[in-house]
Amino acid sequence: MRYINNRLLITKTDWNERVNEAKSKIACGEKVINDFSGLWTELKDDLKVLSSNKCWYCESSDIRSDGAIDHYRPKNKVHEAKEHNGYHWLAFDKDNFRFSCTFCNSRRTNKENDRIEGKGDYFPLEDESKRCYSKDDNINDENPLLIDPCDALEPGWIDFRGDGVPIPRYPKDDIKNRKAKTSIELYHLDHEEQNENRRQIAIDIENWVKEAVEAESETIRANRCRDIRARIQANAPYSSFAKRVLANHRDKDFVEDIFVTM
């Protein structure tokens, strides 16, 4: 998972005006939230640009689905609080939008382990008593157990084994460990196809590093470094994983040079 600066999202000049019109019709009972789904779906392409067309949660690049707009805080209902009507006051808040592949966003059965995974309307908190039920509650009192790619601190709390399987990066830190485990499950990150894609990336990087070390000419070494750079660029699928693999070789000058110039 990479950090996504969603503050860079720019909407059309009349978007806020249309949102206010939608809110008025919903407030008087004329319409419901989902009648205005076009207001957030029209932002999909702009949200994709912020992540180089990759899912904000898993970093897949249009491989697993066409993508959707996830409401980080669910808009209609919350699985963990049956009496909750969803964070409806955030339904049109662009800061609550996350570009997501269908596997991360929707509930479905993982054929590898028969568990139902995917975010859906799940939004677990560290302390359920802190959950907000209206716009008058302080959203900052909540401590979500789902890692947020738009939080500058959290994306690095998920790590990976060399075979591409996601794991918590800080197993001895209770809250970071819980957030990582919960996110891996609910974002459907431990998916066989994804794990295999990451494993192949690890194999490529290890081979390229080895070839660069053993290269008998600067041309060969430069070509392998070019391959490595392409794998860790922000627009490459699973690039945060690729960087983790490459980081094991920072004792080599050419690898360190790649890191400081990316």
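Only the coordinates and a few stated rules stand behind these numbers; no lab work does. No experiment lies behind these values; they were computed from the predicted model shown. Cβ: placed from backbone, ideal geometry, glycine included. Neighbour counts: every protein chain shown.
Here is how the numbers come out for the structure above:
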| item | result |
| --- | --- |
| Glu218 paired with Asp95, simple spin-label distance in nm, labels 7 Å along Cα-to-beta-carbon | 5.1 nm |
| Neighbour-count ranking [beta-carbon atoms within 10 angstrom, fewest first] of Lys181, Lys119 | Lys181, Lys119 |
| For the range 197-214, Karplus couplings with θ = phi - 60° (6.51, -1.76, 1.60), whole Hz, Gly/Pro x | 4, 5, 4, 5, 4, 4, 4, 4, 5, 4, 5, 5, 4, 4, 5, 5, 5, 8 |
| Centroid-to-centroid separation of the range 141-165 and the range 33-101 [C-alpha atoms, Å] | 17 Å |
| When each of Lys75/Lys179; Lys54/Lys82; Lys94/Lys119; Lys31/Lys77; Lys179/Lys243; Lys94/Lys243 is checked by Cα-Cα distance, pairs over 28 Å | Lys54/Lys82; Lys94/Lys243 |
| Anchor Lys12: aspartates and glutamates whose Cα lies under 19 Å away (excluding residues fewer than 8 positions away in-chain) | Glu21, Glu42, Asp45, Asp46, Asp93, Asp95 |
| Inter-label distance for Val32 and Tyr170, nm, one decimal - labels placed 7 Å from Cα along Cα-to-Cβ | 4.1 nm |
| Taking Ser51, Ser106 and counting other C-beta atoms within 10 Å, the order from fewest to most | Ser106, Ser51 |
| Taking Glu218, Glu126 and counting other C-beta atoms within 10 Å, the order from fewest to most | Glu218, Glu126 |
| Fluctuation leader among Phe99, Phe123, Phe36 - the chain, Gaussian network, Cα springs under 10 angstrom | Phe36 |
| Approximate spin-label separation Lys44-Asn16, in nm, with each point projected 7 Å along Cα-to-Cβ | 2.6 nm |
| Dipole axis of the chain (+1 Lys, Arg; -1 Asp, Glu on Cβ), positive-most option in Ile167, Asn223, Leu9 | Leu9 |
| For the chain, built as a Gaussian network whose Cα springs stay under 10 Å, the top-fluctuating residue of Asn197, Asn207, Asn96 | Asn207 |
| Förster-model FRET efficiency, 45 Å R0, Arg108 and Arg250, C-beta, rounded to 0.05 | 0.75 |
| Relative contact order [Cα under 8 Å, 6+ residues apart], the range 194-260, whole percent | 30 percent |
| Tyr122 long-range amide H proximity, modeled H, under 5 Å | His79 |
| Relative contact order of the chain, pairs being alpha-carbon contacts under 8 Å that are 6 or more residues apart, as % | 17 percent |
| Sum of -39500 (n - 2.57) over DSSP H runs of 4+, divided by residues of the chain (222 nm, nearest 500) | -11000 deg cm²/dmol |
